[in-house]
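First up is the structure itself, then whatever we jot down about it.
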Amino acid sequence: MLWEAVILGVIIGWLRKGKLKYLSRITLPGWPLILAAVLVQGTIWFDFTTSNSFLAALYPFLYILSFVLLVLFFFIQGGQPGFVIIGLGILLNTMVIAANEGMMPVDSTRLPSHVVEELASGEKSPFYTVIDDDTRLELLGDRIPVPYSRSQLLSIGDIVLAAGAVILIQHNMIIKKPERKWRR
């Protein structure tokens, strides 16, 4: 969904007579937080795919930590349009993941049976679990079907995040003209 949001943001920016080159003006204070979050999630994924997982017991903690780092990054960006909305989307996802022991709950009724079986067995991903009676904050889990993909679902947080990305991109593609000062 993020790629679609980026493309939509660029299209809206172009329709508003914006230019891609203006995106280079975006400043990213605290960018090491994103790098750290990506490294944490990459480490989890690498460890998950090896035959002898050493970090499995730490996955929930590490996954939540990676999301907390992302939330911090987006909220320290100040008043740049879109960043706070992206941060809110990530915060919603962080809440549901933290409430469900480090796993994003997924609505199994909207997925192909083979995907549900892989998720339920723990073979598919260290990040997702099937919604069941013990699921907390179920409404915030991955429940919204993507029309062009039978095996992909979105959460409310994903949609808020995508909306923030659209706002961020199209807003920053527009040149900001300095205010005119009137002389007497």
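The values are calculated or read from the model by the stated rules, or taken from the named source; none is laboratory data. Treat the numbers as computed from the prediction; the structure is a model and nothing was measured. Cβ atoms come from the backbone with ideal geometry, glycine included; neighbour counts cover every protein chain shown.
Filtering the range 8-33 to residues that are within 26 Å of F127 (Cα to Cα), at pLDDT below 95 and either touching a Leu at 6+ places or on another chain (Cβ under 6 Å) or part of a helix (DSSP H, G or I) (or both) leaves only W31. Checking each residue of the range 102-109 against the condition of being under 18 Å from F48 (Cβ atoms), of a type in the set (V, I, T) and touching a residue at least 24 places away in the same chain (Cβ under 8 Å) gives at least one match.
For the range 40-86, the set of residues classified as among the β-branched types (V, I, T) and not in a helix (DSSP H, G or I) consists of T50, I76, listed by residue number. When each of I12, I44, I26, I34 is tested for being among the β-branched types (V, I, T) and surrounded by 19 or more Cβ atoms within 10 Å (Cβ to Cβ), the lone residue that passes is I44.
Identify the residue in the range 133-151 that is surrounded by 15 or more Cβ atoms within 10 Å (Cβ to Cβ) and either without any contact (Cβ under 8 Å) to a residue 24 or more places away in the chain or basic (K, R) (or both) and, among all such residues, is nearest to S24 (Cα to Cα). Out of the qualifying residues, it is I144.
Might you check whether a residue that is in a loop (DSSP other than H, G, I, E, B) and of a type in the set (D, E, K, R) occurs anywhere in the range 146-164? So far as the range 146-164 goes, no, none of its residues is in a loop (DSSP other than H, G, I, E, B) and of a type in the set (D, E, K, R). Going residue by residue through the range 97-117, is there one that turns out to be under 13 Å from the mean Cα position of the chain (by Cα) and assigned to a helix (DSSP H, G or I)? So far as the range 97-117 goes, yes, one or more of its residues are under 13 Å from the mean Cα position of the chain (by Cα) and assigned to a helix (DSSP H, G or I). Taking the listed residues I64, I97, I86, the one that is in contact with a strand residue (DSSP E or B) (Cβ under 6 Å, 6 or more places away or on another chain) and either among the aliphatic types (A, V, I, L, M) or modelled with pLDDT of 95 or more (or both) is I97, with no other qualifying. In the range 41-52, the residues that are over 13 Å from I64 (Cα atoms) form Cβ pairs under 9 Å with partners that are in a helix (DSSP H, G or I), at six or more places apart or across chains, as follows: T43/L62; D47/A56; D47/L58; D47/Y59; F48/A56; F48/Y59. Before we move on, is N100 in contact with a Gly (Cβ under 7 Å, 6 or more places away or on another chain), under 19 Å from G157 (Cα atoms) and buried (at least 17 other Cβ atoms within 10 Å of the Cβ)? Taking the combined requirement at face value, the residue does not satisfy it.
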